[in-house]
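Here is the structure we will look at.
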Amino acid sequence: MTAQEIAEALRATRGFAHKRDISEVVATLGRALPGGAAALAQAVPVGDDCAAIPDGHGGYLLFAIEGLVEDFIVRMPWFAGYCGVMVNVSDIYAMGGRPTAVVDA
């Protein structure tokens with residue numbers, strides 16, 4: 001297979017089809033922060049393990065989110081939940097943080 005064929009085959013997989021733009025989550029987060037969207041403007045760009053958002057007290061809140069394929073959740077709900085928590089905890093530690101809360105997005 002050529003590189004182009006491999007890329008096209010990957011784009012056609014269910015995993016890629018379930019990827020979503022996180023702009024809705026980011027917009028909601030911006031409305032919830034004390035500094036609003038201005039605080040998000042100072043965050044670490046998307047693509048790192050998680051976003052580092054200034055907390056207004058000289059520190060940062062680390063924000064991580066993952067999407068899971070629905071079939072995985074339906075077939076193995078407990079393990080899907082476990083994986084969802086662990087991958088985000090790992091991302092927070094990778095940025096030098098300490099996880100303090102978990103929410104369902």
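What follows is calculated from the coordinates using simple rules that are stated; it is not laboratory data. This one's a predicted model, so the numbers in the text were calculated from it and none came from an experiment. In this analysis, Cβ positions are derived from the backbone assuming ideal geometry, glycine residues included, and neighbour counts consider all displayed protein chains.
Under 5 Å from the amide H of Tyr60 lie the amide H atoms of Asp55, each residue being 5 or more positions distant or on a separate chain, with H modelled from the backbone and absent for Pro and chain starts.
Once both labels are positioned 7 Å from their Cα atoms along Cα-to-Cβ, the gap between Ala9 and Val89 label points is 3.6 nm. Judged by the mean number of other Cβ atoms found within 10 Å, the most tightly packed of the peptides 97-104, 61-68, 84-91, 73-80 leads the ranking 61-68, 84-91, 73-80, 97-104.
Note on Met1 and Val102: the model spin-label points, each 7 Å out from Cα along the C-beta direction, lie 3.4 nm apart. Please list, ordered by chain and number, the residues whose modelled amide H lies under 5 Å from the amide H of Cys50; skip anything fewer than 5 residues away on the same chain. Those qualifying (amide H under 5 Å, at least 5 residues apart or on another chain) number zero.
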